[in-house]
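Have a look at the structure below before the remarks.
The values are calculated or read from the model by the stated rules, or taken from the named source; none is laboratory data. No experiment lies behind these values; they were computed from the predicted model shown. Virtual Cβ from ideal backbone geometry, glycine too; neighbours counted across all protein chains shown. When the accessible area is computed, the model is the full protein with side chains, heavy atoms only, and any ligands, DNA or RNA have been set aside. Shrake-Rupley method; radii C 1.70, N 1.55, O 1.52, S 1.80 Å.
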Amino acid sequence: TWPKFPTSVHSAPPVALQPSPAPLDFKLLGTRLRETRAIGVLTKLSLKNQADDLVVAFRGYHKGQGKATLAELRRSYDMLLLKVLSLLQDSDPALAREIVQSRAAIWGILADPRKFTESNLMAGATP
């Protein structure tokens, strides 16, 4: 025999989902990193220089003039983010969480020539 199913299905009311926060863009990420007290001034300068170097490497890659492959750029990107996250994880966990949530979106901007250009990164603007 087949199990009997109710003719009307009463379901629980839908659960309100928390909207996921919008990913950080370069400008907001730069502002948040400058404002955090979790990282000292000299470390912030060092990180900014590393981020600028990475953007320059992507600029060369997108112009076809770079020596680095996309895989090498990805490794550099991942290493820089890991360094930032290790500095933030204890003293500014909210910012660390936002960076983790924005990681794929930021990579998408860096790796996509159109998005990279639209973000004014090709023109020399830095985060």
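Summary of values
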{"item": "Matching residues in region 76-99 - criterion: being over 14 Å from the mean Cα position of the chain (by Cα) and of a type outside the set (A, V, I, L, M)", "result": "Ser86, Gln89, Asp90, Ser91, Asp92, Pro93"}
{"item": "So Ala96, is it assigned to a helix (DSSP H, G or I) and under 19 Å from Pro23 (Cα atoms)", "result": "yes"}
{"item": "Some residue of region 100-114 being more than 15 Å from Ala38 (Cβ to Cβ), more than 14 Å from the chain's Cα centre (by Cα) and in a helix (DSSP H, G or I)", "result": "yes"}
{"item": "Asp90 vs. criteria open to solvent by 30 Å² or more (accessible area, probe 1.4 Å) and either without any contact (Cβ under 8 Å) to a residue 12 or more places away in the chain or in a helix (DSSP H, G or I) (or both)", "result": "no"}
{"item": "Whichever residue in region 12-45 is of a type in the set (Ser, Thr, Tyr) and open to solvent by 50 Å² or more (accessible area, probe 1.4 Å) and, among such residues, is modelled with the lowest pLDDT", "result": "Ser20"}
{"item": "Residues of region 70-85 that turn out to be free of Cβ contacts under 8 Å to residues at least 12 places away in the same chain and either under 20 Å from Thr117 (Cβ atoms) or open to solvent by 70 Å² or more (accessible area, probe 1.4 Å) (or both), as a count", "result": "4"}
